[in-house]
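The values are calculated or read from the model by the stated rules, or taken from the named source; none is laboratory data. Since the model is a prediction, treat every value here as computed from it, not as a measurement. Reconstructed Cβ throughout: ideal geometry from the backbone, glycine too, with neighbour counts over all protein chains shown.
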């Protein structure tokens, strides 16, 4: 995605992002924002994978 637009353009991914891996994939594709209805599930998955924030 990032290659298709200029560096000043913010990209938001929305729809179908239900897992941490899906979120990380759109981030790697160049998204700077993400809309997800599965936020709690994604955060719980991140907590299991990376641990609690201190």
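Remarks
- Failed item in (1) assigned to a loop (DSSP other than H, G, I, E, B); (2) at pLDDT below 90, with residue 3 passing the rest: (1)
- When residues in the stretch 33-42 are screened for being over 11 Å from residue 14 (Cα atoms) and loosely packed, with under 12 Cβ neighbours inside 10 Å, 1 of them pass.
- Residue in the stretch 17-39 that is in contact (Cβ under 8 Å) with a residue 12 or more places away in the chain, more than 25 Å from residue 2 (Cβ to Cβ) and assigned to a helix (DSSP H, G or I) present: no
- Only a single item in (1) in a loop (DSSP other than H, G, I, E, B); (2) in contact with a strand residue (DSSP E or B) (Cβ under 7 Å, 6 or more places away or on another chain); (3) surrounded by 13 or more Cβ atoms within 10 Å (Cβ to Cβ) is not met by residue 10, and it is number (3).
- Residue check, residue 47 assigned to a helix (DSSP H, G or I), loosely packed, with under 12 Cβ neighbours inside 10 Å and more than 11 Å from the chain's Cα centre (by Cα): no
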